[in-house]
Amino acid sequence: MPLPLGHAPFAEFALLLLMSAVLGALAVRLRQPVLIAYILIGIIAGPAVFGFVHAHDQLDLLAQIGISVLLFLVGLKLDLNHIRHIGPVALATGLGQLTFTIVIGFVLTLALGKSELEAIYIAVALTFSSTIIIVKLLTDKRELDSLHGRIAVGFLIVQDLAVVLAMMAMSSLRGTGEAAAIEVAASLLLRLAITAVLLFLLMRYLLPALVSAMARSQELLLIFAIAWGTSLAALGEWAGFSKEAGAFIAGFSLASTSYREAMNARLSGIRDFLLLFFFIDLGSKLDFSTLGGEVWPALVLSLFVLIGNPLIVMAIMGYMGYRKRTGFLAGLTVAQISEFSIIFVAMGISLGHVGVEALGLTTLVGLVTIVVSTYMILYSHGLYTRLAPYLGLFERQRPFREMAVERPRRSAAHPQLVIVGLGRYGERLMCQLHKAGIRVMGIDFDPEVIRELRKRRLNVRFGDGEDPAFLESLPLGEARWVVSTLRSWDSNRALLHALQQAGFSGQIAGVVLDERHGEELQAAGVARVINPMNDAADNAARSFANEFTTPLEETPE
């Protein structure tokens with residue numbers, strides 16, 4: 001269907017952007033990642049439906065730049081100090097999940113009738129979860145700093161590193177199908193060694209001074225970041241790696257500079273804008289004549305990702321001494337494949353390793369798993385409540401890693417007030433009440449928070465405030481108040497039920513950030529609702545009002 005203004009690329013891009021805004025708003029309303037809407041726009045605009053997209057070369061160029069910027073930002077976030085603190089749990093979980101998913105996915109894909117090379121690509125693609133989507137969902141739920149949130153971010157970093165290594169390994173097979181595996185590995189290791197040496201020299205002697213000079217102008221710093229990322233992406237392709245690997249190395253080389261946050265902030269919007277064209281281009285190139293035969297394999301592989309990947313993570317974390325709740329919540333974050341999965345298989349097409357059918361299959365799996373897993377993560381606590389009786393298999397009889405901080409210290413005085421949830425607000429509230437001489441106890445299920453507060457000799461307990469059995473073990477007989485700083489209504493509802501089951505007879509207060517949550521707590525019988533934002537604004541208003549009124553009243557005659 002021709003556009004009213006002809007086939008001018010500018011008119012096509014204008015229409016695509018308008019459609020992206022409309023369908024993107026609908027996706028946000030449905031609480032879905034906008035990349036789903038972008039792929040659908042590509043399908044609608046492509047030959048499968050209306051067929052008005054003809055500027056494929058321009059779309060492809062913007063898509064390639066978008067992928068380079070994406071990998072640049074991934075490398076930019078991998079500070080060396082951050083890598084050192086990933087921790088054994090995230091490393092073991094990430095590597096274990098990668099290994100098991102690749103092995104099982106490879107066997108499953110072979111059983112679905114794919115060739116060995118296709119099975120390798122698809123199995124590797126099934127291992128990658130979307131860091132962008134997971135971090136956004138955990139941030140929206142305010143669970144990024146929770147125990148399962150930190151573990152999830154840790155093994156997502158491991159996955160990000162793995163995808164770059166996988167791209168390097170597969171791109172090294174370019175034109176060497178008959179070469180022995182040992183020759184390919186030796187060539188890759190040699191190039192990696194040379195790259196590591198050059199990278200060290202650049203990071204040590206050239207880049208700090210160069211970036212400092214560029215940072216004198218914010219606009220110049222942005223241009224330099226894009227130029228550095230795309231230049232090393234082109235160099236990486238010339239060296240036999242891939243554009244993606246080169247862009248990642250470019251970002252990593254700047255990750256230890258003091259300007260990485262400024263570059264990240266300015267490039268994030270550009271990344272999202274350019275990736276829009278990658279997903280539109282992907283959707284417009286999907287051949288629905290070949291996708292019909294991929295529906296059944298896509299459903300099988302989607303079920304494996306949605307169910308198998310979380311079970312693998314739960315099994316590993318259970319073995320390592322975590323409770324089933326922590327393993328379940330962390331496991332849900334790998335119940336989808338990512339944009340990297342699609343990019344990885346698309347690279348395989350450009351290398352001549354796989355056909356478009358593999359990309360179509362991977363895209364279908366991506367659409368299904370991203371849509372379903374988004375709702376699984378959004379409603380994770382309610383889902384856990386329903387499935388908890390069946391998850392005992394994934395928990396040791398003695399979950400030692402969490403029990404290490406679960407053993408309470410003896411306290412002669414029973415608490416007068418109990419705080420459930422020791423985030424920033426809960427911790428501050430506890431410290432101030434402790435200074436005021438009030439006997440206060442804090443509860444949280446994050447071992448690291450408990451360790452830090454115990455070092456400060458505060459009365460804290462490790463445990464789940466939503467568990468009636470745990471609350472019954474607490475000395476609540478003299479407690480007059482329980483203050484909940486839990487963010488979600490589902491968690492607070494479970495806490496209220498658990499307190500009722502434990503026979504708590506005091507009053508309950510709830511900390512909220514929005515009016516709707518406060519109304520729900522009041523309707524449930526909570527005695528006091530605390531809104532920190534409103535309280536802070538009211539206090540500031542009183543302070544400023546006193547500045548204006550007090551001098552007038554005290555002015556002598």
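For residue 310, the conditions (1) touching a residue at least 40 places away in the same chain (Cβ under 8 Å); (2) buried (at least 22 other Cβ atoms within 10 Å of the Cβ) are fulfilled apart from (1). Looking only at residues in region 233-275 that are aliphatic (A, V, I, L, M), crowded, with 24+ Cβ neighbours inside 10 Å and under 23 Å from the mean Cα position of the chain (by Cα), the one that is nearest to residue 218 (Cα to Cα) is 263.
For the residues 453, 486, 433, the requirement of being out of contact with any Pro (no Cβ under 9 Å at 6 or more places or on another chain), touching a residue at least 40 places away in the same chain (Cβ under 8 Å), among the aliphatic types (A, V, I, L, M) and not assigned by TED's automatic domain parsing to the domain that holds residue 149 singles out 486. Taking region 236-255 as the range and being over 16 Å from residue 351 (Cα atoms) and either part of a helix (DSSP H, G or I) or charged (D, E, K, R) (or both) as the test, the residues that pass are 246, 247, 248, 249, 250, 251, 252, 253. For region 308-345, a residue qualifies if it is within 16 Å of the chain's Cα centre (by Cα), small (Gly, Ala, Ser) and not in a helix (DSSP H, G or I), and the qualifying residues are 335, 338. Scanning region 1-15 for residues that are modelled with pLDDT under 85 and surrounded by 12 or more Cβ atoms within 10 Å (Cβ to Cβ) yields a count of 4. Taken over region 525-535, the criterion of being within 15 Å of residue 485 (Cβ to Cβ) and surrounded by fewer than 15 Cβ atoms within 10 Å (Cβ to Cβ) is satisfied by 528, 533, 535. Just one of the listed residues (500, 522) is outside the structural domain of residue 380 (by TED's automatic domain parsing), at pLDDT 85 or above, in a helix (DSSP H, G or I) and not small (Gly, Ala, Ser), namely 522. For region 320-331, the criterion of being in contact with a Pro (Cβ under 6 Å, 6 or more places away or on another chain) and free of Cβ contacts under 8 Å to residues at least 24 places away in the same chain is met by at least one residue.
Residues are listed down the side, and each one gets a yes or a no for (1) within 28 Å of residue 372 (Cα to Cα); (2) hydroxyl-bearing (Ser, Thr, Tyr); (3) in contact with a strand residue (DSSP E or B) (Cβ under 7 Å, 6 or more places away or on another chain):
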| position | (1), (2), (3) |
| --- | --- |
| 24 | yes, no, no |
| 31 | yes, no, no |
| 34 | yes, no, no |
| 38 | yes, yes, no |
| 49 | yes, no, no |
| 53 | no, no, no |
| 57 | no, no, no |
| 66 | yes, no, no |
| 70 | yes, no, no |
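In this structure, residue 348 does not satisfy being in the same structural domain as residue 28 (by TED's automatic domain parsing), over 21 Å from residue 74 (Cβ atoms), in contact (Cβ under 8 Å) with a residue 12 or more places away in the chain and outside any loop (DSSP other than H, G, I, E, B).
Can you find even one residue in region 293-301 that is assigned by TED's automatic domain parsing to the domain that holds residue 97, more than 25 Å from residue 47 (Cα to Cα) and surrounded by fewer than 22 Cβ atoms within 10 Å (Cβ to Cβ)? Yes, because at least one residue in region 293-301 is assigned by TED's automatic domain parsing to the domain that holds residue 97, more than 25 Å from residue 47 (Cα to Cα) and surrounded by fewer than 22 Cβ atoms within 10 Å (Cβ to Cβ). Within the bounds of region 488-506, is there any residue that is of a type in the set (Ser, Thr, Tyr) and under 26 Å from residue 149 (Cα atoms)? The answer is yes, given that some residue of region 488-506 is of a type in the set (Ser, Thr, Tyr) and under 26 Å from residue 149 (Cα atoms). Does any residue of region 482-496 turn out to be more than 30 Å from the chain's Cα centre (by Cα) and under 23 Å from residue 434 (Cα atoms)? Yes, because at least one residue in region 482-496 is more than 30 Å from the chain's Cα centre (by Cα) and under 23 Å from residue 434 (Cα atoms).
The values are calculated or read from the model by the stated rules, or taken from the named source; none is laboratory data. Source: prediction; values computed, not measured. Neighbour counts run over all protein chains shown; Cβ positions are idealised from the backbone, glycine included.
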